[in-house]
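Everything below concerns the one structure shown next.
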Amino acid sequence: MATLAPVVMAVDASPRRVLMVYSFGRDFMPYAATGIQFRSELARLSPQPVEFRDASLEQARFDAPGRDGPLLDYLRAVYAEHRPDLIVPIGAQAAMFLQRHRQELFPEAPLLLVGVDDRRLRGMLSEPGVTSVGLDMDVSRFVGNILEVRPNTRDIYVVIGTSPLEKFWEQAFRREWAQFSDRVTLHWWSDRSIAEVRESARNLPPDSAVLVTVVNLDVDGIPFEHEAALRSISPASSAPVFGIIREQLGLGIVGGRLVSQGKIGFEAAKHAVRLLAGEPAANLPVQQLTLDPPAYDWRELERWGISESSLPLGSEVLYRSPGLWEEYRGHVLIALGIMALQAVLILLLLAARRHARESEANLSLAAEFGNVGLWQLATGSDGDGVKATPKFRSLFGLPPSGRITVEDILDRIHPDDRSDTEKAIQNAVNDVEDFSVEHRMVLPDVGLRWIASTGHADVSREGRPARVRGASIDITAIRKAEMERQSLRTELTHLSRVSTMGQLSSALAHELNQPLGAILRNAEAAELLLEQEPTDWDELKAIVKDIQQDDQRAVSVIDRMRSLLMKRELQIEPISLDRVVHLVIGLLKSELQFRRVHLAVELESGLPWVRGDAIHLQQVMLNLLANALDAIRDVPSERRRVAVRAKRLESNRVEVAVCDRGTGIPEERLQRVFEPFVSTKTKGMGMGMGLAICRSIVETHGGRLWAENNPEGGATVRFTLIAVQEATQK
């Protein structure tokens with residue numbers, strides 16, 4: 001394949017106008033996937049700015065005579081002065097439209113046909129200035145996909161629409177699938193509405209399958225977009241559902257060797273760069289892409305009992321759920337660790353009992369050395385007297401000798417902490433409970449002091465509390481250090497957010513360019529309308545409404561950036577995790593398109609709210625997703641997949657997982673990846689602070705964060721947060 005380097009050196013900085021003509025509409029699948037990939041890849045590769053303009057043959061799905069007129073009038077009006085530098089029809093209908101009218105519209109501009117099957121190309125490439133990146137489909141593979149994994153299939157029910165495009169393909173399918181007549185019976189459902197197809201699919205015979213091909217328009221004249229027909233049929237079907245397009249994976253088909261519309265757009269962008277640089281179309285080879293390697297949806301394999309051993313060699317299995325061990329491995333290891341620790345402690349305690357007197361002396365010496373004050377509170381008939389070591393008296397500002405009461409101690413505790421401390425002591429006395437409290441004291445000569453106290457109640461032979469013993473230690477220095485550390489952590493967290501947003505600045509700028517570009521195009525159209533007599537006020541109002549919507553979209557992008565860059569202290573409150581995830585995904589939308597990454601978001605239905613700070617948790621999600629994107633930077637396009645999953649655990653916690661299909665984390669770094677300045681990225685790409693900050697934020701929220709490698713490749717980073725009851729949600 002020719003290199004792009006000579007082209008890059010030859011271009012100037014002036015913008016290039018690219019007119020994209022869609023067969024059924026910009027958002028109509030499968031051409032939408034082709035168009036999205038083409039735009040993002042061309043914007044990335046082009047050395048000069050690219051101005052995209054769109055036109056759609058919305059009427060192409062209907063078999064109506066004279067349907068070209070309105071679009072011809074529109075193109076003549078819009079491009080009367082500003083001629084496009086490249087014409088890109090996507091799909092056969094758009095290609096045939098340009099073939100009919102190219103000479104009267106844009107005879108000088110090169111024509112790049114995209115996504116046209118070789119069966120439709122005949123006669124389209126004879127004119128000068130025309131080249132193509134399309135398909136060389138072995139359509140027999142679509143039936144072969146079914147027989148390869150279910151060789152006992154006897155009946156295949158073919159779902160296809162009734163638009164002119166679909167009528168052409170039905171004839172092609174009938175011809176090329178006739179070779180399977182000795183193995184299966186093909187039932188053609190082009191004469192049924194999608195509602196009728198859905199009902200018929202509920203009661204199919206054994207050893208049957210459903211093959212959903214192209215459904216733009218059903219027999220009732222109802223149009224279907226965004227694979228709506230497939231989404232309607234698959235859940236109701238009593239037999240496995242297969243498809244023909246890679247982008248249908250995850251929507252209810254089993255899989256196989258499929259057409260990748262995104263790959264077509266990716267390859268077409270390389271041709272477009274060379275054409276925009278002035279290279280003649282005759283120099284560019286006509287490129288016809290074949291079907292992708294086999295790929296399957298693990299969930300559909302499980303649903304229909306299809307063994308992975310029956311899949312073709314080298315098959316890719318997507319959407320795999322983790323096994324029981326993978327899902328709970330961390331919990332099991334923690335439980336085993338706790339049991340081992342408990343066993344060690346029990347052995348130590350048994351040994352300590354044999355040396356009780358010696359240990360008591362050693363304990364007193366150690367307490368004195370560690371600045372720990374020991375005390376003992378008598379209960380019952382012995383009264384409320386407190387015995388204490390000199391160190392305890394010194395900590396609480398008590399006289400070195402004389403009787404001490406509980407009231408003497410409580411009087412020295414800060415009023416805001418006194419109630420909790422008194423309650424802890426009472427519970428220990430009355431209910432034989434252990435306790436551990438932290439409280440402040442304000443002493444005349446010392447000032448504010450933080451004390452940590454822990455206590456334990458001894459039980460008499462009659463089962464009543466005999467005394468409460470405990471220890472107190474001055475933790476003032478620790479608390480001051482924690483406050484300083486929290487301040488530094490807040491500053492570092494803010495700097496990390498600024499750094500991450502800086503890395504995404506290019507993609508965010510691209511996302512802002514889209515609504516701003518749309519505003520400019522609508523303003524130009526409005527200017528043309530105002531020059532016409534009479535003025536079409538209804539059309540002008542629609543244009544103004546579009547401008548308002550694009551303006552709100554740009555404001556939304558800026559607001560999300562400003563919110564994340566805001567510097568503030570931690571504010572724990574009930575928040576919606578679903579909102580946190582989707583706000584971050586909104587920030588990364590352009591970056592995902594730019595890198596050609598497929599993002600799957602799987603949030604459990606009825607997910608509870610969590611206790612946390614929205615901005616800090618957005619940073620955790622942003623860092624983890626940015627790391628995942630970096631991890632798949634250099635892997636093949638079919639593996640550029642990231643998943644965000646969230647579910648509720650039985651322990652009243654919510655677990656969030658970010659999974660990628662990259663190269664994984666080296667085993668020697670897996671346990672150290674959350675330490676500061678330890679990075680898994682390519683040298684020079686990271687400072688090694690992002691995951692350390694993420695763990696600090698999650699642990700501050702009372703959760704836990706860890707990483708693990710996936711059996712099928714890549715890594716998963718998980719963290720937990722505390723769920724809140726529905727009554728506390730805002």
Check off (1) surrounded by 15 or more Cβ atoms within 10 Å (Cβ to Cβ); (2) within 22 Å of D458 (Cα to Cα) for Q426 and give me the number that stays unchecked.
(1)
Counting only residues that are under 21 Å from the mean Cα position of the chain (by Cα), surrounded by fewer than 18 Cβ atoms within 10 Å (Cβ to Cβ) and free of Cβ contacts under 8 Å to residues at least 60 places away in the same chain, the stretch 280-321 contains a total of 3
Test: residue in the stretch 124-134 that is at pLDDT 80 or above and of a type in the set (A, V, I, L, M, F, W, C):
yes
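Listed here are the residues, each with its yes/no results for (1) modelled with pLDDT of 90 or more; (2) not in a loop (DSSP other than H, G, I, E, B).
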| residue | (1), (2) |
| --- | --- |
| T682 | no, no |
| M685 | no, no |
| I693 | no, yes |
| G702 | no, no |
| A707 | yes, yes |
| R718 | yes, yes |
Within the stretch 249-263, residues within 24 Å of the chain's Cα centre (by Cα) and more than 18 Å from I306 (Cα to Cα) come out as S260, Q261, G262, K263
Scan of the stretch 73-91 for residues that are of a type outside the set (A, V, I, L, M, F, W, C), assigned to a helix (DSSP H, G or I) and out of contact with any strand residue (DSSP E or B) (no Cβ under 8 Å at 6 or more places or on another chain), ordered by number
D73, R76
So which of D182, D117, D138 is loosely packed, with under 15 Cβ neighbours inside 10 Å and closer than 27 Å to A228 by Cα?
D138
With criteria (1) surrounded by fewer than 23 Cβ atoms within 10 Å (Cβ to Cβ); (2) under 23 Å from V597 (Cβ atoms); (3) outside the structural domain of D118 (by TED's automatic domain parsing); (4) in contact (Cβ under 8 Å) with a residue 24 or more places away in the chain, A236 comes up short on (2)
Would you tally the residues in the stretch 379-411 being surrounded by 15 or more Cβ atoms within 10 Å (Cβ to Cβ), within 20 Å of H456 (Cβ to Cβ) and either hydrophobic (A, V, I, L, M, F, W, C) or modelled with pLDDT under 80 (or both)?
11
Test: T153 is surrounded by 16 or more Cβ atoms within 10 Å (Cβ to Cβ) and within 22 Å of M20 (Cβ to Cβ):
no
Note: among A471, A428, A452, just one is more than 30 Å from V698 (Cα to Cα), hydrophobic (A, V, I, L, M, F, W, C) and at pLDDT 80 or above, namely A471
Scope the stretch 209-240; condition part of a strand (DSSP E or B), touching a Lys or Arg at 6+ places or on another chain (Cβ under 7 Å) and modelled with pLDDT of 90 or more; matching residues
A209
Any residue at all in the stretch 259-278 that's on the phi < 0 side of the Ramachandran plot, crowded, with 21+ Cβ neighbours inside 10 Å and in a loop (DSSP other than H, G, I, E, B)?
yes
Scanning the stretch 554-587 for residues that are crowded, with 19+ Cβ neighbours inside 10 Å and at pLDDT below 65 gives V557, L564
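The values are calculated or read from the model by the stated rules, or taken from the named source; none is laboratory data. Everything numeric here is computed off the predicted structure, so don't read it as measured data. In this analysis, Cβ positions are derived from the backbone assuming ideal geometry, glycine residues included, and neighbour counts consider all displayed protein chains.
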